[in-house]
Amino acid sequence: MYHPDVMESIIKASEEACSVEVPIFAAIAIGDVVLSFAGNESEASRKPWYHAEFLAVQNVYEKYQDIRYLDEASIYVNLEPCSFCAAALERVRIKNIFFGAYDSKCGAVVHNAMIFDHALKKPSIIGGIQEERCSRVISRFFDKVRNNESQ
């Protein structure tokens, strides 16, 4: 079941982010109880796989060591997950994926690889939640990057 307050928390975090990281945030929740919240850390960690979704999953497993699968959990993310993150979500058997902006270049949930079309356990997927707002955050970030590169 979708909980708008959880989505709102990750969108607000992305809007308030001021770093070199792409402002993508993810939360894993069971109902409206957030188990984990993470943002991209690829630049700061110098580990290109430290995406928000991956870190949110990793944090749940570090925090709750008796959990085997996330088959009762939902992930909320402001951008359609890439193939790496979608594959990780498939492996942990996430129940629901709620995302904001679609990503026609790197997204792999409803675009490109469409990871869950080939999955044994297909989650419920709802994309385009506050899409315009989420897209604006990502676009602003890359506009700033391009402006800084041209100076």
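The values are calculated or read from the model by the stated rules, or taken from the named source; none is laboratory data. Bear in mind that the values here come from a model prediction, so they are computed numbers and not experimental data. Backbone-built Cβ (ideal geometry, glycine too); neighbour counts: all protein chains shown. SASA here: full protein model, heavy atoms, side chains in, ligands and nucleic acids out. Shrake-Rupley method; radii C 1.70, N 1.55, O 1.52, S 1.80 Å.
Among the listed pairs LYS63/LYS122; LYS63/LYS105; LYS63/LYS144, which are separated by more than 28 Å between their Cα atoms?
Numbers: LYS63/LYS122 25 Å; LYS63/LYS105 33 Å; LYS63/LYS144 35 Å.
Over 28 Å apart, Cα to Cα: LYS63/LYS105; LYS63/LYS144.
Springs between Cα atoms under 10 Å define the GNM used for the chain, and in it the highest mean-square fluctuation of ASN78, ASN112, ASN40 occurs at ASN112.
Ignoring ligands, DNA and RNA, what percent of the accessible area of the chain is carbon or sulfur (1.4 Å)?
Values: 4330 of 8460 Å².
Carbon-and-sulfur percentage of accessible area, whole number: 51.
GNM on the chain, alpha-carbon springs under 10 angstrom: the most fluctuating residue among VAL57, VAL20, VAL110 is VAL20.
Placing unit charges on C-beta atoms (Lys and Arg positive, Asp and Glu negative, everything else neutral), compute the dipole magnitude of the chain about its Cα centre in debye, rounded to 20. If you can, show how the numbers build up before the last one.
On the way: 16 positive and 21 negative charges, 62 e Å.
With only Lys, Arg, Asp and Glu charged at Cβ, the dipole is about 300 debye.
Listed by chain and number, the aspartates and glutamates whose C-alpha is less than 20 Å from the C-alpha of LYS121, apart from same-chain residues fewer than 8 away, are GLU53, ASP71, GLU72, GLU80, GLU90.
Give, as a single signed number, the net charge of other residues whose beta carbon lies under 11 Å from the beta carbon of PHE99, with Lys and Arg counted +1 and Asp and Glu -1. Numbers along the way, then the final one.
Details: positive: none; negative: GLU53, GLU80, ASP103, GLU131.
Around PHE99, the charge tally is -4.
Note on the stretch 33-151: antiparallel DSSP beta bridges, both residues inside, total approximately 10 percent of the bridges counted.
Would you mind getting the accessible area per residue of the stretch 41-115, heavy atoms of the protein chains only, 1.4 Å probe, in Å²? Show your work: numbers first, answer last.
Details: 3790 Å² over 75 residues.
Accessible area per residue: 51 Å².
With respect to the chain, whose longest principal axis is taken over its alpha-carbon atoms, helix 131-149 is tilted by about 40°.
Computed FRET efficiency, Cβ-Cβ of ASN147 and LYS105, R0 25 Å: what is it to the nearest 0.05? Display every interim value, and only then the final one.
Numbers: r = 20 Å, r/R0 = 0.82.
Efficiency for this residue pair is about 0.75.
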